[in-house]
1. So which pairs qualify, if the first residue must be in the range 144-168 and over 16 Å from residue 444 (Cα atoms), the second must be polar (S, T, N, Q) and open to solvent by 30 Å² or more (accessible area, probe 1.4 Å), the Cβ gap must be under 7 Å, and the two must be at least 6 apart or on different chains?
2. Out of the residues in the range 306-330 that are surrounded by 13 or more Cβ atoms within 10 Å (Cβ to Cβ), at pLDDT below 85 and not hydroxyl-bearing (Ser, Thr, Tyr), which is farthest from residue 31 (Cα to Cα)?
3. Considering only the range 48-69, state which residues are small (Gly, Ala, Ser) and either under 16 Å from residue 116 (Cα atoms) or open to solvent by 60 Å² or more (accessible area, probe 1.4 Å) (or both).
4. State whether one or more residues within the range 383-402 are assigned to a helix (DSSP H, G or I), open to solvent by 50 Å² or more (accessible area, probe 1.4 Å) and free of Cβ contacts under 8 Å to residues at least 60 places away in the same chain.
5. Taking the residues in the range 95-126 that are without any contact (Cβ under 8 Å) to a residue 60 or more places away in the chain and open to solvent by less than 10 Å² (accessible area, probe 1.4 Å) as candidates, determine which candidate is nearest to residue 62 (Cα to Cα).
6. Name the residues in the range 50-83 that are closer than 26 Å to residue 124 by Cβ and outside any helix (DSSP H, G or I), would you?
7. Going through the range 24-47 one residue at a time, which ones are surrounded by fewer than 22 Cβ atoms within 10 Å (Cβ to Cβ) and assigned to a strand (DSSP E or B)?
8. Being closer than 16 Å to residue 146 by Cβ and open to solvent by less than 20 Å² (accessible area, probe 1.4 Å) is the filter here; which residues of the range 6-23 pass it?
Amino acid sequence: MIFKRKAYEQLSEWKKCGGRRAILIEGARRVGKSTTVTRFAEKEYKSYILINFDKESSAVRRYFEEYMGDLDTFFMFLSSAYRVQLYERESVIIFDEVQEFPRARECIKFLVEDGRYDYIETGSLVSIRKNVADIIIPSEERSFKMYPMDFEEFCWALGDETMLSYIKDCFVKEKALDGDMHKKAMLLFKQYMLVGGMPQVVAAFVDGKKDLNAADEEKRDILNLYRDDIWKVPTAYTSKVAAIYDQIPGLLSKHEKKVVYSDISPKSGAKSYEDAFFWLADSMICNVCFNCSDPETGFARNGDRTYIKCYMGDTGLLISHAFGRKDLEKNDIYNLILNDKLSINKGMLYENMIAQMLVDSGYPLYFYTHYNTEKKRNDIEIDFLVSESGTFNRMYSPIEVKSTTRYTTTSLTRFKDKFGKRIVRSIVIHPGNLRVEGDILCIPPYMTFCL
């Protein structure tokens, strides 16, 4: 099953540059990179060659080593090996899983300068040291990140495009949805949270007429694939990556979801886990959220890399990661979530989902906490901060995520008292309908993609 993906439009925009640059699509395994670029090549070019470096023979790799100084011969061998006729300015060559052969990425410089064909690269872990250690990253390369299917793409897959238009219109007008439509939109959101955005999982859900168990089987296959990838990590930090990966549900189930390193391993600190978190972030298995100690002067320059939260990149995978098959069946977890009767872990799932949706919208993840020395506890906890403008005159919105309709907004009030001058709007994301409470905008979780 082929789904409509926003990455296709990004590729179409890139193609208009007429071969001046290659394009690199980064993304976690199984997010649909290869499927999307192959479909794009089939529809937009006269011919294409797909080189999968995860499986490719040593003979093809040798072409890159021996013939960059003789591109006529290089293309002759390539065309012959794949039995594909190449047409000048009408063919594209795809380097799939390019991280498995970094030399091909370095060759992009010469291939783009030659100008005969277009080049698309796909990969994950492209920034890991071993994949960039001995190569010069080509300036002739543009890149973008591809994530699991976002909420809009999920709705497209289920045939609910009309609902999306209605949600956007209500968001712009700051108007609550009709009661029945709100219930329908919340049901869509909960299905998205349970299934996630991995295309093969969504396909199993759609083909199975919304069979959540069929989707769960596909998710477990992907989780096993990720675990296999982790054991390929350099041995210096394999065990640390595996330990974090295993404990993500436990870390997120706490009220304060920041990573306490000693909980992962006794007597450990942030420094010893630096490479492990970089690997998880670069693989895009996880979305890492950094503490911003001073929002007034910018998020990145005040990001505390020793004080972080770690979310799964796909919430559907998180559910299957957190609950075993027997737990799901015995406790009927899917049914409890669909009917708003899950008493534990609901906050974990909502916050992970909002983190995922913010990343989909292009926001880097930052949070804020303030420790009160007199009370000896945090008295301000802001789940997310999103920037509304550029570097100068920076404006931002604090976001709190609530998994129920009964809550307080004490942290938002205190945050405004402390940093009020640059706050655009305080936002609460909750299961209720849209409403405005003073200067706080309360929106349902399905509206997060509108931010």
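The values are calculated or read from the model by the stated rules, or taken from the named source; none is laboratory data. Quantities reported herein were computed from a predicted structural model and do not represent experimental measurements. Quick reminder, even Gly has a Cβ in these numbers, built from the backbone with ideal geometry, and neighbours come from all protein chains shown. What goes into the accessible areas is simple: the full protein's heavy atoms, side chains included, and nothing from ligands, DNA or RNA. Shrake-Rupley method; radii C 1.70, N 1.55, O 1.52, S 1.80 Å.
1. Qualifying pairs under 7 Å: 144/10.
2. Initial filter on the range 306-330 (surrounded by 13 or more Cβ atoms within 10 Å (Cβ to Cβ)): 306-323, 328-329.
Narrowing the set further to residues that are at pLDDT below 85 leaves 306-307, 328-329.
Cutting the leftovers down to not hydroxyl-bearing (Ser, Thr, Tyr) gives us 328-329.
Numbers: 328: 24, 329: 27 Å.
Top of the filtered list is 329.
3. Within the range 48-69, the subset small (Gly, Ala, Ser) is 57-59, 69.
58, 69, listed by residue number.
4. Step one: of the range 383-402, the residues assigned to a helix (DSSP H, G or I) are none.
No: zero hits.
5. Going through the qualifying residues, I end up with 104.
6. 50, 51, 52, 53, 54, 55, 56, 57, 68
7. 47
8. 7, 11, 14, 22, 23, listed by residue number.
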